[in-house]
Amino acid sequence: MNRSRFIQGLKSDIQLSEKERRRIIRNSIKKYSWKLKCTVAMEEFAELQQQVSKQIRGYGDKLGLLEEIADAYICLSFLESIFDVKPEDLQKAIDVKLQRERENCR
């Protein structure tokens with residue numbers, strides 16, 4: 001997405017419902033092949049890595065980071081749908097990982 005369009009969207013009153021978000025994800029997966037969506041996800045995760053690296057080195061911009069995090073979240077939704085990952089299974093996996101993180105922080 002072009003930067004000015006992203007900024008305009010952030011300034012707007014857009015607020016999609018969860019139902020609408022799921023519908024958009026579902027329709028996008030129907031329109032494009034699952035392999036293409038997986039490839040795009042990998043590319044978006046790489047772009048997020050680049051933005052994080054720029055932040056660490058002190059010359060990234062917060063807006064770029066926000067945009068790439070949003071892209072990564074959307075791609076995770078695509079992957080969840082493509083590979084039929086159930087929300088409760090994902091939440092359980094997250095809880096297991098967070099429990100380990102908690103133990104490592106003691």
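Every number in this text was worked out from the coordinates using simple rules, so none of it is lab data. Not measured: the values here are computed from a predicted model. Cβ: placed from backbone, ideal geometry, glycine included. Neighbour counts: every protein chain shown.
Just the residues that are of a type in the set (S, T, N, Q) and either within 14 Å of the chain's Cα centre (by Cα) or not in a helix (DSSP H, G or I) (or both), please, taken from segment 40-63.
Correct list: Gln49, Gln51.
Looking at segment 13-31, I want the residues that are surrounded by 12 or more Cβ atoms within 10 Å (Cβ to Cβ) and have a partner that is not polar (S, T, N, Q) and not in a helix (DSSP H, G or I) with Cβ atoms under 8 Å, at least 6 apart or on another chain. Which pairs are those?
Within 8 Å, the pairs are Ile24/Leu16.
Any idea which of Glu47, Glu80, Glu101 is surrounded by fewer than 11 Cβ atoms within 10 Å (Cβ to Cβ) and among the acidic types (Asp, Glu)?
Glu101
What about Glu44, is it closer than 23 Å to Gln8 by Cα, touching a Cys at 6+ places or on another chain (Cβ under 8 Å) and touching a residue at least 12 places away in the same chain (Cβ under 8 Å)?
Answer is yes for this residue.
Any chance segment 86-93 includes a residue that's closer than 21 Å to Ser33 by Cα and over 13 Å from the mean Cα position of the chain (by Cα)?
Taking every residue of segment 86-93 in turn, at least one turns out to be closer than 21 Å to Ser33 by Cα and over 13 Å from the mean Cα position of the chain (by Cα).
Just to verify a result, which residue in segment 67-106, among those that are among the aliphatic types (A, V, I, L, M) and in contact (Cβ under 8 Å) with a residue 40 or more places away in the chain, is farthest from Ser4 (Cα to Cα)?
Among those that are among the aliphatic types (A, V, I, L, M) and in contact (Cβ under 8 Å) with a residue 40 or more places away in the chain, it is Ile82.
Evaluate segment 87-104: report whether one residue or more is touching a Leu at 6+ places or on another chain (Cβ under 8 Å) and part of a helix (DSSP H, G or I).
no
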